[in-house]
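Q: Starting off with a structure, shown below.
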Amino acid sequence: TGNNLVQFSKVSGTGFYNQGSHYSSSTYEFTAPVDGLYSFTAVVIWFNLSNGLNMNDSLRFLLNGADELAYGWRRAHYAAGYTGSQGYNTDFLSDQYLLSAGDTMGVRGKKTNSIHGNAHYTYFTGYLVG
């Protein structure tokens, strides 16, 4: 992923939905349909990590393709059996932002390691609070 948007591609099926189609599975961004306060959460599980790998700041929220907002909450090196097991490590973000209609929000992966494609481990949510 190294500095690219994380590709959350499962948007339908049991437990998955894209009400209003405001998340694009081709651009990997949520587009605000109206002005308001939005809440976002992202969880990513990385895999094939080597012991001791620095996983600090592995994720960022990305506003309008340019402004990096929140960093991932986990501040750790991957330590086999301690911060993860079998090369797996998770990071997560959650925050609220005032957006204008047309603003976009994505999740940027800052590491070049592989992201697990299981949508139960790797997901992005966003919704209008008010």
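The values are calculated or read from the model by the stated rules, or taken from the named source; none is laboratory data. Quantities reported herein were computed from a predicted structural model and do not represent experimental measurements. Here the Cβ positions follow ideal geometry from the backbone for every residue, glycine too, while neighbour counts run over all protein chains shown. Accessible surface is based on the protein model in full, side chains and every heavy atom, while ligands, DNA and RNA are left aside. Shrake-Rupley method; radii C 1.70, N 1.55, O 1.52, S 1.80 Å.
Q: Sort T14, T83, T125 by heavy-atom solvent-accessible area, probe 1.4 angstrom, most to least.
A: T14, T125, T83
Q: Within region 77-121, report the chymotrypsin sites (Phe, Trp or Tyr not before Pro) that DSSP leaves as loop and that have at most 10 other Cβ atoms within 10 Å. Intermediate values should be presented prior to the final figure.
A: Working: sites: Y78, Y82, Y88, F92, Y97, Y121; in loops: Y78, Y82, Y88, Y121.
Passing sites in region 77-121 are Y82.
Q: A further question follows. How much net charge surrounds L98 when only other residues with a Cβ under 14 Å from its Cβ are counted (Lys, Arg +1; Asp, Glu -1)?
A: Numbers: positive: none; negative: D35, D67, D95, D103.
With Lys, Arg at +1 and Asp, Glu at -1, the neighbours total -4.
Q: Using a 1.4 angstrom probe and counting only protein chains, how large is the accessible area of E29 in Å², to 10?
A: Its accessible surface works out to 30 Å², give or take rounding.
Q: To the nearest 20 debye, what charge dipole does the chain have about its Cα centre, counting +1 at the Cβ of each Lys and Arg and -1 at the Cβ of each Asp and Glu?
A: Here the size comes out at about 420 debye.
Q: Now for a different question. Where in region 58-77 is the amide nitrogen less than 15 Å from a point lying 7 Å along the Cα-to-Cβ axis of V129?
A: So the set is 70.
Q: Computed FRET efficiency, Cβ-Cβ of A79 and L37, R0 30 Å: what is it to the nearest 0.05?
A: Calculated transfer efficiency: 0.20.
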